[in-house]
Amino acid sequence: MANIKSAKKRILVNKNRYDRNKAIKSSVKTAIKKVEAAAAEGNKEKAQAALTEAAKVIEKAANKGVYHKNNAARKVSRCAKIVNGIA
């Protein structure tokens, strides 16, 4: 355990950020899975709605610094490609 006050604070801050980032990443993964599930059903309207929600969650994660903007754009693009591939 750290002895210096600033190091102790750093440990606490890192833990809080780790927990926050983990929760946000989990919600992003869940949103992406919902898009994939709707696409697997072949339900275009449901997949489109899931894509809109997923894009919102992913963009929020990027704005909070959890994902790099290019990484977020790639995730949204892949989801959109899946939805657009539904006949």
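Starting from segment 63-87, take each residue that is under 15 Å from Asn21 (Cβ atoms) and list its partners that are open to solvent by less than 70 Å² (accessible area, probe 1.4 Å) and part of a helix (DSSP H, G or I), counting only C-beta distances under 6 angstrom and pairs at least six apart or across chains.
What qualifies is Val66/Asn21; Val66/Ile24; Tyr67/Ala61; Ala72/Ile58; Ala72/Ala62.
Just name the residue that is surrounded by the most Cβ atoms within 10 Å (Cβ to Cβ) out of those in segment 27-44 that are closer than 22 Å to Ala62 by Cβ and in contact (Cβ under 8 Å) with a residue 12 or more places away in the chain.
If we take residues in segment 27-44 being closer than 22 Å to Ala62 by Cβ and in contact (Cβ under 8 Å) with a residue 12 or more places away in the chain, then Val35 is surrounded by the most Cβ atoms within 10 Å (Cβ to Cβ).
Quick one: in segment 57-87, of everything that is of a type in the set (A, V, I, L, M, F, W, C) and not in a helix (DSSP H, G or I), which residue is surrounded by the fewest Cβ atoms within 10 Å (Cβ to Cβ)?
Restricting to residues being of a type in the set (A, V, I, L, M, F, W, C) and not in a helix (DSSP H, G or I), the top hit is Ala87.
Do the conditions hold for Asn21, that is, is it polar (S, T, N, Q) and closer than 28 Å to Ala87 by Cα? I'd like the intermediate steps shown before the answer.
Values: polar (S, T, N, Q): yes; closer than 28 Å to Ala87 by Cα: no.
So Asn21 does not fit the description; no.
The values are calculated or read from the model by the stated rules, or taken from the named source; none is laboratory data. Treat the numbers as computed from the prediction; the structure is a model and nothing was measured. All Cβ positions, even for glycine, are placed from backbone atoms using ideal geometry, and neighbour counts span all protein chains on display. When the accessible area is computed, the model is the full protein with side chains, heavy atoms only, and any ligands, DNA or RNA have been set aside. Shrake-Rupley method; radii C 1.70, N 1.55, O 1.52, S 1.80 Å.
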